[in-house]
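Report on the following structure.
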Amino acid sequence: MARSQRQLLVCYVPGLDRRHISDSATPAIAELISQYSCVEISTIPNTELVPTLLSGVYPHQNQIWQVSIDARRGLTATQRMIDRLPDLVMTTAQCIRQKFDPNFDLAAIPPRRRREFTQHRFKYTRRAASPEIMAEFNGYKTLFGLLDSDARYRFTYRFDALDSLARDIAASALRFEFLEMYAFDLYQHWNLDNEAGMREALGRTDRFVANLREDCVRNGITLVLLSDHGQELVTDTIPLVGTLRKSGVPQTEYSYYCELACARLWFHTERAREAIVSKLLRLRNCSLQHFSEMHQYQVCFDDARFGEYYLMADAGSIFFPHDFYQPLANLYLGLFRHSQWSRIFNPVHRGNHGYLPHYPSEKGFLVVANDGIKLNRKAMALIDFAPTMLDLLGAAIPAYMTGRSVL
């Protein structure tokens, strides 16, 4: 079949760790890996990898990199009044808004801190609700922008939606279908320590991939199985917020943004920089990197807007509390999302990723299930994915995509 006539279905399963794949646990996925060429993917130290996969450029180009710091401004009377209210009250109000507005983000950060940032996040609720926003990032067209009406993005975080999705996608006439099957990744965050639950989740994921493969063979579609990271079992927490509060430095002299595996800090006085950096260097199970040192991990910002210092947790550790933890929202999600019920009893994640790229959890893989397609490398970067897909389809690869096809 000519490349220009080829149809592709990408089954993207974030969190599908090769350490969990075996003939007994995941026979269909294990067979795919053994039968066809499999390429290891090296990732970047963050949880938001989809924009880089789809655009073929790194975060310092596509600008999807959580938050950047804003210049501090004087407060209005309304803002001063809001800041007098307890943080729990304001974050609860923001969480309620987020429930009904997928474009509203960072609900668990109090307004007095939240207004310090410009948001660059690309939360899954936004792309699930509005797939059309994925056509372009910061002027760089993604696979969807380049392929236009010949491409479609699908998303699900529910295992019970898999069968109907498989039937629908297999009947598609589009050249490029991209399905993000987030259910497995989400399940691991709260159940990676549950052996029986993980066996079931792996089995359901494997059966879904098997069904997709059968439907693709039947309809002449090439199946691409993609995972861009695994997950690490969480065994330790790092008390960053408590350390900052005990530093004795007023919060007006520094800013911070705390994810599970990465915390970013900005210092507004030299006193704050000296006092806090010395304390951070003494924290266990993490390492402190200046933003210039992050260039070795393809996080190549040329100034401190997106973080002056990065505090990176070691694999298996997370910062807790962090800027996505809110007690009432945690209770709500545990009660109304079955896969997350365990967070009611223990609000600390069981599995996590987004660590420095040398850890095993930060490796993914790509398999192209087509006997006529051979891959020429054993390893690839995230930015190689988009040009590889365009090459498979016989489409032109734009000059800004500096990655290389692995065909």
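The values are calculated or read from the model by the stated rules, or taken from the named source; none is laboratory data. Since the model is a prediction, treat every value here as computed from it, not as a measurement. A quick note on method: Cβ atoms are made from the backbone with ideal geometry, for glycine too, and the neighbour counts reach across all protein chains shown. Accessible surface areas use protein heavy atoms only, side chains included; no ligands, DNA or RNA. Shrake-Rupley method; radii C 1.70, N 1.55, O 1.52, S 1.80 Å.
Restricting T243, T237 to those that are open to solvent by 10 Å² or more (accessible area, probe 1.4 Å), touching a strand residue (DSSP E or B) at 6+ places or on another chain (Cβ under 8 Å) and hydroxyl-bearing (S, T, Y) reduces the list to T237. Per the conditions (1) in contact with a Ser or Thr (Cβ under 6 Å, 6 or more places away or on another chain); (2) surrounded by fewer than 19 Cβ atoms within 10 Å (Cβ to Cβ), the sole criterion not satisfied by A108 is (2). Considering every residue within region 51-72, establish whether at least one is on the phi > 0 side of the Ramachandran plot, in contact (Cβ under 8 Å) with a residue 60 or more places away in the chain and in contact with a Lys or Arg (Cβ under 8 Å, 6 or more places away or on another chain). Among the residues of region 51-72, at least one is on the phi > 0 side of the Ramachandran plot, in contact (Cβ under 8 Å) with a residue 60 or more places away in the chain and in contact with a Lys or Arg (Cβ under 8 Å, 6 or more places away or on another chain), which makes the answer yes. Note on region 23-42: residues that are touching a helix residue (DSSP H, G or I) at 6+ places or on another chain (Cβ under 6 Å) and either open to solvent by 10 Å² or more (accessible area, probe 1.4 Å) or closer than 16 Å to A151 by Cα (or both) total 3. Considering region 253-309, the residues that are more than 21 Å from the chain's Cα centre (by Cα), among the hydroxyl-bearing types (S, T, Y) and crowded, with 16+ Cβ neighbours inside 10 Å include one that is farthest from H120 (Cα to Cα), namely Y254.
For region 263-299, enumerate the residues that are on the phi > 0 side of the Ramachandran plot and either free of Cβ contacts under 8 Å to residues at least 12 places away in the same chain or in contact with a helix residue (DSSP H, G or I) (Cβ under 9 Å, 6 or more places away or on another chain) (or both). Before you say what the answer is, go through the steps one by one.
Of region 263-299, the ones on the phi > 0 side of the Ramachandran plot are 285, 298.
Matches in region 263-299: Q298 only.
Considering only residues of region 129-151 that are without any contact (Cβ under 8 Å) to a residue 40 or more places away in the chain and part of a helix (DSSP H, G or I), which is most open to solvent (accessible area, probe 1.4 Å)? The qualifying residue most open to solvent (accessible area, probe 1.4 Å) is E132. Listed by position, the strands (runs of 3 or more DSSP E) contained in region 158-256 that have at least 3 residues being polar (S, T, N, Q) form an empty set.
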